[in-house]
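Visitor: Structure provided below as structure tokens; questions to follow.
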Amino acid sequence: MRRPVATIMLALLAVGLFRASAGNRVDSLLSVIDRGNCQAIEGVWRLTASPETVIAISSCGAPDSRFDIWLLDSPDYRVEPCVHIGQATEGARRGSYDLTMCEQPGKLPVRKHSFIAEFENGDSGRLILKAYKRGKRISVWRWLPYMFRVTVIDRTNRPTDHDGLVRIYPGPGGRLDL
């Protein structure tokens, strides 16, 4: 009887320590954002496509304009809070950034997605994400010309500037509730 109780108590202690360390990491990220003289992209953001997903973007301390992207809260219970999911670099145009984020952090193989993020009409509270692809692709259809005359045409006409990020901290209220 003592062994199962001890195992349960040890598991609860480990979960408590893990949550406390995640809370400490969130506090340290917020202190970096609160220190002042931040870039416009630094802060805590909520995804418009998935309102339960909250990310933080903070400088990684490099002399060039690189930023780390941290996942603070997610609807996926398998992902631990405050995990590093990507990186952002400043683009050539003012207010544009190149973001690379992994699809499922901590899971192999790592699938990364790339986005161009731009501030909407000078509003520093909204970032518009435009996805793009990197890499090479082999087209079998070009190897076999004239064999198949019927092709599949994708008629998706979803706007490319519909997905994005909305700043929730530091914002007008100045309070963050996760």
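Visitor: Evaluate the distance, in nm, between pseudo-label points positioned 7 Å from the Cα of Asn37 and of Glu80 along their respective Cα→Cβ axes.
Guide: Once both label points are built, they end up 3.4 nm from each other.
Visitor: Taking the Cβ-Cβ separation of Thr160 and Arg93 as r and a Förster radius of 25 Å, what is the calculated FRET efficiency to the nearest 0.05?
Guide: On the way: r = 17 Å, r/R0 = 0.67.
It comes to 0.90.
Visitor: How far is it, in nm, from the label point at Glu52 to the one at Ser28 when both lie 7 Å from their Cα along the line to the Cβ?
Guide: 2.8 nm
Coordinate-derived values only; no laboratory data. It should be emphasised that the depicted structure is a prediction, and the values quoted were computed from it without experimental measurement. A quick note on method: Cβ atoms are made from the backbone with ideal geometry, for glycine too, and the neighbour counts reach across all protein chains shown.
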